[in-house]
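The values are calculated or read from the model by the stated rules, or taken from the named source; none is laboratory data. Quick caveat, the model's predicted, so the values are computed rather than measured. Using ideal geometry, Cβ is built from the backbone for each residue, glycine included, and neighbour counts are taken over all protein chains shown. Keep in mind that these areas ignore ligands, DNA and RNA; they rest on the heavy atoms of the full protein, side chains included. Shrake-Rupley method; radii C 1.70, N 1.55, O 1.52, S 1.80 Å.
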Amino acid sequence: MLRRPARRVATFFPLAIVLSCCVAAAHALENGLARTPPMGWNSWNKFACDGLNERVVRQTADTMVANGMKDAGYVYVNLDDCWQTSRDAAGNIVADATRFPSGIKALADYIHSKGLKIGLYTDVGTMTCAKRPGSIGHEYQDAMQYAAWGIDYLKEDWCNTLPGQNAESSYTLMRNALAEATAKTGRPILFSLCEWGSNKPWLWAGPIGNMWRSTGDIQDCWDCKKPWGGNGVVQIIDQLDPIYSYAGPGHWNDPDMLEVGNGGMTTEEYRAHFSLWALLAAPLLAGNDIANMSADTKSILLNKEVIAIDQDPMGIQGHRVRKDGDLEIWSKQLADGGRAVILLNRSAAPAKISASWDDIGYPATLQAGVRDLWEAKDKGKVAGSYAAEVPSHGVVMLRIKP
Ligand code: GLA
């Protein structure tokens, strides 16, 4: 028997639309961006500091256009830590000329010429996590420089802060600097806060950023916890579940970039990781070597029916609606009145999991069409419940439509 947690799902559908519209309007950063969770690629999970250079970034952008990722919605090409080296005598941020011999402006022009957008990384404190210059004291100067280069997206980290530095006011300062840069150039800049959930940003960051990291750094593993705060997939979803109501169009919880294709998990686990991120309405930033990925990895990142769950226009973050030990059911309301449902098996053996209509906020008698999104097969019209065999560390992901 599956145990039911406190009931949190059965919001009447039209009321949900009204609420999501008005909560978002009152608490979201109004820069018009990220109406659905941002999608793209980020250099860090695969290339870290030493592997980042202009060649990798151009090759990634070229491949995203050629392999259908751009058409599937992956538009941001984001340089993480280590693109920068120092400041010049006037305090301007200086890109690493060895790694980026053509400069950031030329790279931005190249990425824009492909119909893609470019992101950069900085830090609230004196230095980034990899000890490159941070933005403290240079927020307006940096924002103007980013805008002049044509930057579309900024991630701001939380390393090397001053003792007692306040997160909300520090990120507000950069938000204001970006807004001023946008006013001058007309180019809006998506703002991604990265303070790892340390100060509960879901409580205050809605009017400041388009997304906020809610957890420590993701690790390329299913179930692991590092003493310094690194998390596996299951550790992250457990932390995202209780804060689902804070996400919405323009302002998203960020469970960190994808590890799909980086080699530390099985294909089944990567499929589950991607499915859960989509159900959580998470930003989908691929974190692998796009130019050299396997067919399995590509088929996960390019599953358009799963991406559509992430990009659903109502912008509801899904959450867990039932748990029985390692067997769980997660559900997300969709704009068409349907539900995305994940049957998640965290155990070491295959198991049958059954989702009842009551779990997902439907009357038991309702006839609804069930489609399996990884099999890409319709399973017919069903009332009451739907059950399936789920592999160990795997999911069955369904789209249910009355
Ligand atoms: C922190 C962030 C990561 C990455 C690295 C770069 O750990 O959380 O996402 O940006 O810094 O140094």
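Under a 5 Å amide H cut-off, with hydrogens placed 1.01 Å from N, Ser347 pairs with His393 among residues at least 5 apart or on other chains. Accessible surface for the chain, divided over its residues, is 37 Å² per residue with a 1.4 Å probe. Determine the sum of side-chain charges near Tyr121: Lys and Arg each +1, Asp and Glu each -1, restricted to other residues whose C-beta is under 10 angstrom from that of Tyr121. Local charge sum for Tyr121: -3. The helix-only estimate of mean residue ellipticity at 222 nm for the chain, built from DSSP H runs of length n ≥ 4 each weighted as -39500 (n - 2.57), is -8000 deg cm²/dmol after division by the residue total. If you wrap the tightest convex hull around every Cα atom of region 249-355 and split its volume per residue, you get 114 Å³.
Summing charges over all other residues whose Cβ lies under 12 Å from the Cβ of Gly369, with Lys and Arg as +1 and Asp and Glu as -1, gives +4. Less than 15 Å Cβ to Cβ from Gly134, Lys/Arg counted +1 and Asp/Glu -1: what total charge do the surrounding residues give? It works out to a net charge of -4. Placing unit charges on the Cβ atoms only, positive for Lys and Arg and negative for Asp and Glu, gives region 297-402 a dipole magnitude near 120 debye about its Cα centre. Simple rule: put +1 on each Lys or Arg Cβ and -1 on each Asp or Glu Cβ in the chain, find the dipole, and look at His273, Ile104, Met257; the Cα lying farthest toward the positive end is His273. Computed from point charges on the beta carbon alone (+1 for Lys and Arg, -1 for Asp and Glu), the dipole magnitude for the chain about its Cα centre is near 800 Debye. Bridges between two residues of the chain, per DSSP, are antiparallel at a rate of about 60%. Cα centroids of region 328-402 and region 280-304: 23 Å apart.
Given Cα pairs under 8 Å that are at least 6 residues apart, what percent is the relative contact order of region 44-156? RCO, region 44-156: 28 percent.
Measuring nothing but how far apart in sequence close Cα pairs (under 8 Å, 6+ apart) lie, relative to its length, the chain scores a relative contact order of 16 percent. The modelled label-to-label distance between Ser294 and Glu30, using points 7 Å beyond Cα along the C-beta direction, is 4.9 nm. Across the accessible surface of the chain, with the other protein chains kept in place and a 1.4 Å probe, carbon and sulfur atoms take up 55 percent. Tell me the angle of helix 267-279 to the major Cα principal axis of the chain, expressed in degrees between 0 and 90 and rounded to the nearest ten. The angle comes out near 80 degrees. Placing unit charges on the Cβ atoms of the charged side chains and taking the dipole of the chain about its Cα centre, the candidate lying farthest along the positive direction among Val396, Gly186, Ser356 is Ser356.
Spatial offset of region 118-183 relative to region 50-101 amounts to 17 Å, using the alpha carbon center of each.
Protein-only accessible surface at a 1.4 angstrom probe places the residues Cys224, Cys194, Cys129 in the order Cys129, Cys224, Cys194, largest first.
Mean silhouette area of the chain, derived from the convex hull of its C-alpha atoms and averaged over all directions, reads 19.0 nm².
Taking the C-alpha atoms only, the angle from helix 139-149 to the longest principal axis of the chain is near 80 degrees. Note on the chain: GNM, Cα springs under 10 Å; of Gln311, Gln239, Gln333, the largest mean-square fluctuation is that of Gln239.
For the listed peptides 79-91, 171-183, a ranking on the average number of other beta carbons within 10 Å per residue, highest first, reads 171-183, 79-91.
Beta bridges from DSSP with both residues in region 20-126: antiparallel share about 35 percent, rounded to the nearest 5.
On full extension, the segment bounded by Gln239 and Thr126 gains 37.8 nm, given 0.36 nm per residue less the C-alpha separation.
The stretch between Glu168 and Ala89, if pulled fully straight at 0.36 nm per residue, gains 25.5 nm over its current Cα-Cα span. Determine which residues of region 236-258 fall in the zone a paramagnetic label at Ala179 would reach in this model, i.e. backbone nitrogen under 16 Å from the point 7 Å along Cα→Cβ. Under 16 Å, as judged by backbone N against the label point of Ala179, lie 251 of region 236-258.
With 18 Å as the limit, the listed pairs Lys70/Lys298; Lys131/Lys200; Lys131/Lys155; Lys117/Lys200 have Lys131/Lys200; Lys117/Lys200 beyond it between alpha carbons.
In a fully extended conformation the segment linking Trp228 and Asp62 would gain 56.2 nm over its present Cα-Cα distance, using 0.36 nm per residue.
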